[in-house]
Amino acid sequence: MSKIALISCTSRKKAYKCPARELYWESPRFRLAYALAKLVANKIFILSAKHGLVPEDRVIEPYNETLIGKSARERREWGDMVLSQLSKVSDVDHDDFIVLAGEVYHENLLPHLSHFWLPLKGKRQGEWIPELDKLIKLEKETDKVLVLHMLFNALPRLDWTMIDQLPYQNGIYIMFEKGESYNNMDRIVRVGTHRGQDRLKKRLRDHFVREDADSSIFRKNIGRTFLNMTLDPYLQVWEIDMHKSQEKRDYGHLIDERLEAELEAKISQYLRSSITFVCFPVDEEEERLRLEAGIIATLNSHPSFGPSNNWLGLNSPVPEIAGSGLWNRQGLDGQPLSANEVERIKWLARFGNDSYRNNAGYKTRIQRAVNCVTTTGKNYNSERKTADDIRKYIDKLLQEAKRRGEDYIDLVSGDIHKQLGMKNRMPQVCRIMYEKMQAGDKVIHTTPSGKSSTIKIRYYLK
């Protein structure tokens, strides 16, 4: 299995015929992308708007061409050409692809790749250079605790309202707590996973949603801390696991339901307001448990890792928690991660998250969209459409994308105009597209007139 980097071409080029990697060297962004590619890949290709897939050592002439501004059809044809070239030099079903390119270059490639990582996902072009600098620094870092913090701080951050957005059912979660930092990054305060298959979301809901501390050791430990801070004697009752039949028979009469309801609500409020988390997919239970234990032990064994003076856990009656700076008791003195395990976590966090988020059911959705456009085109061509029809059609596209769980949808004026079977109505389509924009939506591509067939707007759905 190969790791293959795909780097988009740039407008800045040498003025003479030379190897591709040299041709684009005038661009600082290309130089950094190439430097990262050399650290994480064993093959490098350039995505050229003119030539398609170009090996880094192929000698080519300077040219002036870009995919930006091309029609959706032209971009699809370019993508088909690149995929054909790529299939001759790689295994698109099994190789790992590091895609260092903007959306216009990868939009028609990702549905056909099984394993890919988008290091620059969600970044504007002006943010590419500092982001590439950070990624290169991460690859060169040898301190495992720093690597873990740099890696996990860069993943999409979630809170308790976003549990159902996770696109996978098995994985490891990494938690951060408001006010806790490590080397100017958010400090890891808990590492967790689940036994059994397909229980990741349930485990997270046990922590944040279900107000039953006997179902969540995390909630149990937060409750212990709150009770210990006020020297509340009810701590002795709180320690009892009332899910056990014998314990419930022997001590059930000691339960103060009102106090427990108030404490559970206080725990929920704290977790929901102070704890955020990231996840990465790990399918096999044995690997989940080993990596969880390895991360915990690696953090706990590092001399510089620890809590702030104001960390809530310092008030815990559990010595392992107060002493480690982690809301974990198990695995603190276990076997730290090996170098190979750190690389495995990098792969799972990067390729696993991107491939799951972008490619889960992607080919099915693409085919469904094609079928919809084909059918819709036939229907819409049969009658004249009004401005309200355009609005309703855009609303339909937004609602369908939202039901699929997409974070956003990109709409192109020319595509809508064509799908509705219209003639000479492009200004009206563009006007309504702008009209539909909400706070946070953004224009990805425009023209001086603002009314062409290439207007592209990103509508955020969350």
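Evaluated with a Cβ-only charge set (Lys, Arg +1; Asp, Glu -1), the chain carries a dipole of roughly 2280 debye about its Cα centre, given to the nearest 20.
Projecting the Cα atoms of THR230, LEU155, HIS207 onto the charge dipole of the stretch 141-357, computed from C-beta unit charges around the Cα centre, puts LEU155 farthest toward the positive end.
Principal-axis analysis of the Cα atoms of the chain puts helix 72-89 at an angle of about 70° to the longest axis. State whether the stretch 3-131 is rounded, prolate or oblate according to the following rule on the C-alpha gyration tensor (a ≥ b ≥ c being the square roots of its eigenvalues): a/c under 1.5 gives rounded; otherwise a/b larger than b/c gives prolate, and the remaining case gives oblate. Here the stretch 3-131 falls in the rounded category.
Kindly list the residues of the stretch 103-121 that lie in the label zone of ASP410, defined by a backbone N under 15 Å from the point 7 Å along the Cα-to-C-beta vector. It comes to 103-112, 118-121, nothing else. Averaged over residues, the count of other Cβ atoms within 10 Å places the peptides 201-208, 284-291 in the sequence 201-208, 284-291, highest first. Over the residues of the chain, the helix contribution to mean residue ellipticity at 222 nm works out to -13500 deg cm²/dmol, using -39500 (n - 2.57) for each DSSP H run of at least 4. Listed by chain and number, the aspartates and glutamates whose alpha-carbon sits under 19 Å from that of LYS423, ignoring those within fewer than 8 places in the same chain, are GLU383, ASP388, ASP389, ASP415. Coupling constants for the stretch 450-462 follow from the phi torsions by the Karplus curve (6.51 cos²θ - 1.76 cosθ + 1.60, θ = phi - 60°), and in residue order they are x, 9, 9, 6, 9, 4, 10, 10, 9, 9, 7, 10, 8 Hz; glycine and proline get x. Converting phi to 3J(HN,Hα) with the Karplus coefficients 6.51, -1.76 and 1.60 and the offset θ = phi - 60°, the stretch 162-172 yields 10, 4, 6, 7, 4, x, 9, 10, 10, x, 10 Hz in sequence order, with x at every glycine or proline. At an R0 of 22 angstrom, the distance between the Cβ atoms of ILE240 and ASP164 translates into a FRET efficiency of 0.10.
Sorted from greatest to least, the principal axis extents spanned by the alpha carbons of the chain come out as 78, 54, 34 Å. Label-to-label distance, ASP212 versus LEU155, with points set 7 angstrom from Cα along the beta-carbon direction: 2.7 nm.
Once the Cα atoms are used to define both axes, helix 217-229 deviates from the longest principal axis of the chain by about 50 degrees. Peptides 25-32, 250-257 ranked from most to least packed, by the mean per-residue count of other Cβ atoms within 10 Å: 25-32, 250-257.
The H on the amide N of TYR408, modeled in the peptide plane, is under 5 Å from the matching H of LEU461, each at least 5 residues off or on a different chain. With 24 Å as the limit on Cα-Cα distance, the pairs of LYS43/LYS121; LYS134/LYS202; LYS123/LYS442; LYS201/LYS346; LYS346/LYS456; LYS17/LYS137 that go past it are LYS134/LYS202; LYS346/LYS456; LYS17/LYS137.
Suppose R0 equals 30 Å; then what is the FRET efficiency for ASN340 and SER87 from their Cβ-Cβ distance, rounded to the nearest 0.05? Efficiency, from the Cβ-Cβ distance: 0.50.
In this structure, THR230 and SER274 have a Cβ-Cβ separation that, at R0 = 22 Å, corresponds to a calculated FRET efficiency of about 0.75. How far is helix 387-403 tilted off the main Cα axis of the chain, in degrees rounded to 10, range 0 to 90? Tilt relative to the chain: about 40 degrees. Less than 5 angstrom separates the built amide H of ILE60 from those of CYS18, ALA20, all sequence-distant by 5 or more or on a different chain.
Please work out whether the stretch 165-262 counts as rounded, prolate or oblate from its C-alpha gyration tensor, where a ≥ b ≥ c are the square roots of the eigenvalues and a/c under 1.5 means rounded, while otherwise a/b larger than b/c means prolate and anything else oblate? Cα axes put the stretch 165-262 in the oblate bin. Residues in the stretch 176-184 carry Karplus couplings, in order, of 10, 10, 3, x, 9, 9, 8, 6, 6 Hz; the curve used is 6.51 cos²θ - 1.76 cosθ + 1.60 with θ = phi - 60°, and Gly or Pro positions show x. Less than 5 angstrom separates the built amide H of ILE46 from those of ILE7, VAL54, GLU56, all sequence-distant by 5 or more or on a different chain.
Since every read-out is calculated from the coordinates, none of them should be taken as a lab result. The structure displayed is predicted, hence computed values, not measured ones. Backbone-built Cβ (ideal geometry, glycine too); neighbour counts: all protein chains shown.
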